[in-house]
Amino acid sequence: MAELPGTDESNATDPGGAAGDDPRLAFIYQEAVRGLTHQQNVVENMNTRAGSLIFATAFANSLLGGRALSDGLGLWDWIAVALLFAIGGLIVFMLWPYHKYTFRFDPEELLHQYVDGDRPTTMAAMQRALALRIKADMAGNWRVIQRLRLALQIALVFLLLDILAWLLAIAAL
């Protein structure tokens, strides 16, 4: 699981103890990190659901498909097989390694931008800039999550249609 900035309480305090830091910025930064953590949990949850979909599809097709195919391939059998391949394609789409998520910052970039630069940045300015960056990262992640969610929904509908097609193939025996 990727680590998120600010999940350790020691990261939320300014080691220099700058007196001019605004506690509201620290709160906003922590809320941004919490939102990003929630988004990461959504992605992990969708991967778990895709795994459950694999099991449900395999179970339904092995149980119903064996019975339906005992007398050969009919129209409903072909439809069920086509739906099975469509579900498989959607599952592959959902689980394919995709590295366009942004759930953490590059430490080298942070050091260069906020510590090693011409003039070091205050903790408040850093939290403000990072909160805005998290917002942009969440928007980018959300586009990917929406596509995965749509693929999951379509795959679930296809699974129901697949089961229905197998049942109709069995009933036609």
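Some observations on this one:
- Residue pairs whose Cβ atoms lie under 7 Å apart, separated by 6 or more positions or on different chains, with the first residue in segment 133-155 and under 14 Å from Q39 (Cβ atoms) and at pLDDT below 95 and the second outside any helix (DSSP H, G or I) and of a type outside the set (S, T, Y), are V144/K100.
- In segment 116-151, residue farthest from the chain's Cα centre (by Cα) [restricted to those that are buried (at least 18 other Cβ atoms within 10 Å of the Cβ) and within 30 Å of W76 (Cα to Cα)]: A151
- In segment 64-92, the qualifying residues are those that are among the hydrophobic types (A, V, I, L, M, F, W, C), part of a helix (DSSP H, G or I) and farther than 16 Å from L161 by Cβ, and the one that is modelled with the highest pLDDT is V92.
- Count - residues of segment 94-141 that are among the polar types (S, T, N, Q) and either assigned to a helix (DSSP H, G or I) or in contact with a strand residue (DSSP E or B) (Cβ under 6 Å, 6 or more places away or on another chain) (or both): 3
The values are calculated or read from the model by the stated rules, or taken from the named source; none is laboratory data. Computed from a prediction, not measured in an experiment: that's the story for all the values here. Please note: Cβ atoms are built from the backbone with ideal geometry, for glycine as well, and neighbour counts cover all protein chains shown.
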